[in-house]
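**Q** Before we start, here is the structure in question, set down as structure tokens.
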Amino acid sequence: MGQKNKITRRWAKRGTRPSAPKDQRTASAYIFGAICPKDGKGAALVMPRCDTEAMSLHLAEIATQIAPGAHAALLVDQAGWHLSGGLVVPPNITLIPLPPKCPELNPQENVWQFMRDNWLSNRIFKSFNDIVDHCCDAWNKLIDQPWRIMSLFLGLVPGESSTGGTVRRKGLTLVGNRRARRALVEGAWTYRYPARVSETLRARLERGCPSPCATSPGKLRFDCAPDIGGSA
């Protein structure tokens, strides 16, 4: 994150063309961060350099956030400082390298995208210290919202466009796990609009008919007698 910042979409009055600031200076800082989607926790450091020493300090910070007796599996891409031979890996962490050129497999990429789009873009940083302060503030906002960390992994991430004390929420974005998002959305629709059940199927279910079982390729049978009426 640096003074050559990203420009993103913002709310504006219809018919206007709002301006966005753009800086040509080159001061920058690096956020080393990791999240736990299951518990909604995270650990991060803001560093002036991106190298093996900084990564070692980041691993040491992650190790302090791991529960006693637990072991963390940390997904990393194949950047040089992630897999360097001089990297100091704590005993309660195991690094799991991802295949090359596959950022979509790492949910942490969703965190960086969300932070840039909502808290770190469309602004001018006065100095290096100002960059560090904004990065720390953005990360602390994220850590204070564990449900957001979980949603970033699942893909249920609402867009946000906030100004000052006003918070504006938008629809779901396309970041996160596409398959998990689809399953949750389809499940919600099924709950809201239940499937129609025919009278025949309802009667069969009320009799406690077991699940269908396969008899031959492409054919199914039920282990219950058909309802033919009458008595023996």
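Matching residues to (1) free of Cβ contacts under 8 Å to residues at least 12 places away in the same chain; (2) of a type in the set (F, W, Y); (3) closer than 18 Å to M1 by Cα:
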| residue | (1), (2), (3) |
| --- | --- |
| H58 | no, no, yes |
| P90 | no, no, no |
| N110 | no, no, yes |
| F114 | no, yes, yes |
| I131 | no, no, yes |
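**Q** Tell me, yes or no, whether segment 2-24 has at least one residue that is among the small types (G, A, S), under 17 Å from A138 (Cβ atoms) and in contact with a strand residue (DSSP E or B) (Cβ under 6 Å, 6 or more places away or on another chain).
**A** yes
**Q** Can you tell me which of (1) of a type outside the set (K, R); (2) within 19 Å of A34 (Cβ to Cβ); (3) modelled with pLDDT under 90 is the one I124 doesn't meet?
**A** Result: I124 fails condition (2) only.
**Q** Is it the case, given these coordinates, that G40 is buried (at least 17 other Cβ atoms within 10 Å of the Cβ), out of contact with any His (no Cβ under 8 Å at 6 or more places or on another chain), touching a residue at least 24 places away in the same chain (Cβ under 8 Å) and not basic (K, R)?
**A** In short, yes.
**Q** Among the residues of segment 107-128, what is the count of those that are over 25 Å from P97 (Cβ atoms) and of a type in the set (D, E)?
**A** Qualifying residue count, segment 107-128: 1.
The values are calculated or read from the model by the stated rules, or taken from the named source; none is laboratory data. Treat the numbers as computed from the prediction; the structure is a model and nothing was measured. As a convention, Cβ positions derive from the backbone with ideal geometry for all residues, glycine included, and neighbour counts pool all protein chains shown.
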